[in-house]
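Below: the structure, in structure tokens.
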Amino acid sequence: MVYEITRDYIRTGNSRSGQRIGTVRFIVSHDTGNPGSTAYGNRNYFDRQQPSASAHAFIDDKYILEIIPLTEKAWHVRSNVTGDNRRYGVNANDAAIGVELCHGGKINFQQAYARYVWYHAYLCDKFNLNPRNDIIAHATLDPSRRTDPINVLRNHGISWSVFIDDVAEALQNFGNSNPPDTTTPAKPPTTSKPPASVVKGTTVKLPIGEGDSGPFVQDIQEELIKAGYRLPRYGADGHFGEETENAVMRFQKDYGLAVDGLVGPITLNKLQEVNHQRVSASDFPLPTGVLKRGSQGEAVRQVQRALKQINFNPGTIDGIYGPNTEDAVRRFQSMYAALADDGIYGPNTRKYMRMELDD
Ligand SMILES: [Zn+2]
């Protein structure tokens, strides 16, 4: 069995410092401790609230979702615990990948567990780790405060050693071949710049500048336009040319950033921040009918704009309810136990989107 890994990184802030992690030495296994909260529910929470805690990946029955690049640190173990230093000679946050199991509510445990096991094996393969020595439970590192994920696994009849056996077995199936990464770089990685931000399923290297093209450029152009930096000649065409560069430089100048015409993490965050402040719920009317794959028109466009606003990228705002829009609706629905994950926009989904927009 091979699973897809979705890379949909949160913006930088308290949860994501952007600091490089160095050599990955081990994995810390967690559960969210929040029954029913999904991978995307967690992603949105960390993206918006930016608590000073985080983990690299959240796994539920539908997604293996990396929210922080594996090249960066996440904050998932208190720095004053000593088990990590004793065992590995280093603080967990400086050398470990943090993996969270989502459970409870409507999450199918077997499906989530299978992905959790597979992803641990994937990490062992990727970083050349031994499951028997290099995977540790958060509870083992911080026994006075934590029980994760040992208790949740045990509640489902799985002891820690069975879990490790399952990972070891999954790892054997990796053999020498790398698992197919279903995510595709937007352009060949020609530099050692860290991957910094992402369109769902697509890793993008920042900074982005003149000559780059693709959906991510289009996103940036749409953000620029939204922030009031018009692109009269070419619009949001997905090609980073002189017009876009000039708009970026004007934006950087206006907001006191280094004026280089390149969109790196700082410029991108500023752009998103400016646009976030600008909007109010009334900017996002939501249609009342039912919309689904094949629907078209202004109502679909409203739903797409709203999805984009709440960080569920529906692809191009084109008024066509295609696979990307359907997928964005489904990802949104996966956050709520009350919603069926059918990818169909209707009154219930509308209600929850309204709440999310009014947040
Ligand atoms: Zn934990």
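Taking the conditions exactly as written (among the β-branched types (Val, Ile, Thr), farther than 30 Å from residue 265 by Cα, within 15 Å of the ligand (Cβ to nearest atom) and crowded, with 17+ Cβ neighbours inside 10 Å), does residue 158 satisfy them or not? Considered against the rule, which asks whether it is among the β-branched types (Val, Ile, Thr), farther than 30 Å from residue 265 by Cα, within 15 Å of the ligand (Cβ to nearest atom) and crowded, with 17+ Cβ neighbours inside 10 Å, residue 158 comes out as no.
Just checking, does the range 346-355 include any residue being in a loop (DSSP other than H, G, I, E, B) and buried (at least 19 other Cβ atoms within 10 Å of the Cβ)? No. Among the residues making up the range 64-121, those that are surrounded by 24 or more Cβ atoms within 10 Å (Cβ to Cβ), in a helix (DSSP H, G or I) and small (Gly, Ala, Ser) are 92, 112.
Residue-wise test of (1) small (Gly, Ala, Ser); (2) over 24 Å from residue 272 (Cβ atoms); (3) out of contact with any strand residue (DSSP E or B) (no Cβ under 8 Å at 6 or more places or on another chain); (4) modelled with pLDDT of 90 or more.
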position	(1), (2), (3), (4)
313	no, no, no, no
324	no, no, yes, yes
332	no, no, yes, no
341	no, yes, yes, no
348	no, yes, yes, yes
352	no, no, yes, no
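Can you work out which of the residues in the range 1-38 that are within 16 Å of the ligand (Cβ to nearest atom), more than 16 Å from the chain's Cα centre (by Cα) and modelled with pLDDT under 95 is surrounded by the fewest Cβ atoms within 10 Å (Cβ to Cβ)? For the range 1-38, the residue satisfying everything is 35. The set of residues in the range 39-72 being more than 22 Å from residue 327 (Cα to Cα), in contact with a Ser or Thr (Cβ under 6 Å, 6 or more places away or on another chain) and either more than 15 Å from the ligand (Cβ to nearest atom) or among the basic types (Lys, Arg) (or both) consists of 50 alone. Screening the range 179-217 for residues that are within 23 Å of residue 253 (Cβ to Cβ) and either aliphatic (A, V, I, L, M) or more than 19 Å from the chain's Cα centre (by Cα) (or both) and picking the one that is modelled with the lowest pLDDT gives 196.
The values are calculated or read from the model by the stated rules, or taken from the named source; none is laboratory data. Computed from a predicted structure; not experimentally measured. When we count neighbours, we look across all protein chains shown, and the Cβ atoms used for this are built from the backbone with ideal geometry, even at glycine.
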